[in-house]
Structures are given as structure tokens and as C-alpha cells.
Amino acid sequence: MPIKSLLILLTLLLFTQNITAKEYKWSNKLTFLGFLKKHGIPQKVYYNMHKEDKELIQEIRAGQSYSINRKKGKIDTINIPVSDELMLQLKNSKKGYGYKYVEIPYQLIERTISIKMKHGFKKDLYKATKTWYYGKELEEVYSKSIPFHKMRKGDRIILFYTQRYRNNKPYTSPQIDACLIEIKGKPFYGFLMDNEKYYDSLGTQYKRTYTTRFIRPVPNMKRISSRFTHRRYHPIHKRYRPHLGIDYAARSGSRIVASSKGRVVYKGWKGGYGRTIEIQHANGLKTLYAHMRGYAKGVNRGTYVGQGKTIGYVGTSGKSTGPHLHFGLYKKGRAVNPARYVKKQSAKVVKIKGKAYQRLRKLVRHYRPQFQETKARKSSIIKKESSKCLNCFKKLPPRK
Ligand SMILES: [Zn+2]
């Protein structure tokens, strides 16, 4: 019975090593200090943290799963995701607990969708993929530039996209890297650059349309003191310190206004963020306003506020170095760059030049033959290309 003996051997091996991994869920009301208490970890782990790291801890979402590895029954490491990219890692050693933010390992799967239009491109994409995501995304990115209404039966859409996986489950929205939309035989190409903007093959940018509009939340700001970044790597501290929002520096007491209309879903103290308000908007979008000095009268949990309505005043409550508003924007619970939504979109045509243009041309040359190849295939409903693992474990910069 070779399988049985193998199992016994495996169990023995695990038993002697005494390593166990267990998944937990971050419950709704759990605070970080509460979490430390729950697992018997000294509270000073939190108190000794750097200011910005304390702020980042507020990004741990309810329902988030985290894992604890134990060695001989004792906690060895704890991994808690704080964003799509990073997790907080607590490590127990003889010297006590240390912490750092590390990249979340993931698999990147590349796939292709190729469909011929039957009823309408959004409906057809939904039928093929069981999600409205692709149709909505194409509409948001291209409807200003591409005449979708002229699409006819038999016109084709090809998408190359990547999906991230963690523990064999997809996470974060898929990313459309390149697409071809054919309208009456005329091809329109789109290529994603720097994870954000789409260009045609000659470098003209496609202007997104946004269904929900946002305005700058501090009308009298002095300047932007910190921008949004998922993975800011600190060269001196040799660690990651992302900033999941925009900081608007302003005089203490300056008005903070609702960036878009919505319902106040949180009002109160939020750890490193200090006095905080959160507003739920349409389309799964939520804004967060932190470090406030005080709240505006009549603004409470459940209150509906219009765009531009004063909700509070700039301060420096929580972990903050000076009066400023930390402004966060979340799409279905995930931090996104507010600048993408708040920035005024200029009407003029943007064309990339120089090195960026060269990079775009490289992308075009990479995808062109793949488009041709996909087009040449007969079956046209959907094709899931051989999923390959591109980036199972991203290399981290060397530790100090
Ligand atoms: Zn901030």
C-alpha cells in the first residue's frame, strides 16, 4: 500500500516539524489592538510602529482572511493583506515580534477572449464570461472614441487580459492589457500602458468616461503633500510603505467637502486615521476622509450628502505630522488612485512621445501577431489560452 505509507510518512514529517498554518477571518469589529490581544501578542508591537505604518493598518478590511503559521504550537509568522499588493508580516523571534510590509505572492494568468458580436457587445461578453466587467470597462475606456453603436453582427472583439490569483482563487479585477474592436471591418486597437491609460497603436490616448464624478475634497488646499502609490519602496528603510490615498495639506480648520454625493457610512475615530468619515457612492465607490479636526453639524452616520457639502474640517488627528486631509477612494473595497477620478479631464488630445512611445510600439509589435493568430481561429466564442504562471513569486529587493 504505497499511498498509505506515503501518507503516514507525510504526517510523521509534519508532526516532527510541528509546523501548522491556519487561516482566520478579520471580523467586522476587530481592531488591531484587539487582534493582538486575541493571539496573545504584546500591544507594544502596535505602539512601536512607525506613524505611517499605523495609518496603513486601518486598511485591513473586515472579512479579509489572514494566516498564522505556528512552529511547535508557537506563533511563527502572521500574514495580513492590507492592499492588493502588500501584506503586513509579523514575525516572532527570540527578540520578540518584528514587522514589515511585504509583497503578496501571486500568480498571473494570461488569457484571451475572442467573440463575434451576436446581440450587442456587452451582452455577448457577459454570455461568454458571466461577468459584466469587460463590457463595462470597454465602454468606460473607449465609448468617447469608438462608435460602438455602429457595431454589427459578426464584428469582432478580442481581449488579452491578465488575472491575478492567490491560493488558486482570483483576486482583484482582471486587467485588459490589449484589445481589438472591429467595427464594420475597421480595426480599433487599444493598449494599456503603466497599468492606467489606454492608447491606440500610434500613441493617442483614449479618454475614459466616468459615471460618477468627483471633486477635490479640500477647496482651499495649499498643496498635495503626498500622492497615491501602491508600492512605495523606501530605499533607506529598505521596506515598502505604500500610500493608499492623496494627502491635501491645508490650514487647520479648512473645509472638507463631500467629493461626490452619497451616504455617510462611517463617522468616528479610526486608529491611525483619527477622526474619519466614509461616504458610500454609486457604482460600488466609497470615499474616506481622515485626520479631521471636527465634523460638520448635522453630518452623521446614515446622512445623505450632496457633492460639495461640507462634512468636516481639516486637522491632524490620529497619526499625522501636520494639518492635512488624507483622502482615499475605494472601488468595491479596494484602494484606487483618487487622482484618476478627481482630475479634470482636459478636452485636448494627448499623444505620447519619446521613450514612452517606443515602449508602446514594442507592445504593439508584441500583440499584433497574437491578434492575427486569434483572428485566424475558427471557433470564436471564447478561448481560455493555456494559463501560464508568469510571476509566481515576485523577487523582492534584497533585505538589509
Ligand atoms: Zn495620507
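How much length, in nm to one decimal, is gained on full extension between R361 and H119, taken as 0.36 nm per residue of separation minus their Cα-Cα distance?
Gain on stretching R361 to H119: 83.8 nm.
Let me have the 222 nm mean residue ellipticity of the chain computed from DSSP H runs of 4+ only, each contributing -39500 (n - 2.57), with the sum over all residues rounded to the nearest 500.
-6000 deg cm²/dmol
For region 223-342, taking Cα atoms only, what is the radius of gyration to one decimal and the Dmax to the nearest whole Å?
That works out to 14.0, 45 Å for Rg and Dmax.
I224: net charge of surrounding residues, Cβ under 12 Å, Lys/Arg +1, Asp/Glu -1, itself excluded?
So the environment of I224 carries a net charge of +4.
Could you please tell me the mean projected area of the C-alpha convex hull for the chain, averaged over all directions and given in square nanometres to one decimal?
Over all viewing directions, the chain projects a mean Cα-hull area of 25.2 nm².
Amide H of Y171 versus every other amide H placed in the peptide plane: which residues, excluding those fewer than 5 positions away on the same chain, fall under 5 Å?
For Y171, the qualifying residues are R164, Y165, R166.
If ligands, DNA and RNA are left out, what is the accessible area of K332 with a 1.4 Å probe, given in Å² to the nearest 10?
Its heavy atoms expose roughly 150 Å² to the probe.
How large is the accessible surface of E182 in square angstrom, using a 1.4 angstrom probe and rounding to the nearest 10?
It works out to around 30 Å².
Set the Förster radius R0 to 45 Å, insert the Cβ-Cβ distance between Q280 and A376 as r into 1/(1 + (r/R0)^6), and round the FRET efficiency to 0.05.
After rounding, the FRET efficiency stands at 0.45.
How many angstrom separate the Cα center of region 157-180 from the Cα center of region 32-104?
29 Å
Gain in length, K186 to R334, computed as 0.36 nm per residue apart minus the alpha-carbon separation, to one decimal in nm?
Stretched fully, the K186-R334 segment lengthens by 49.6 nm.
Working out 0.36 nm times the residue gap between R368 and K130, then minus their Cα-Cα distance, what length gain in nm do you get to one decimal?
83.0 nm
The values are calculated or read from the model by the stated rules, or taken from the named source; none is laboratory data. Just so you know, these numbers come straight off a predicted model, no measurement behind them. Reconstructed Cβ throughout: ideal geometry from the backbone, glycine too, with neighbour counts over all protein chains shown. Surface areas here come from the heavy atoms of the whole protein model, side chains and all, with no ligands, DNA or RNA. Shrake-Rupley method; radii C 1.70, N 1.55, O 1.52, S 1.80 Å.
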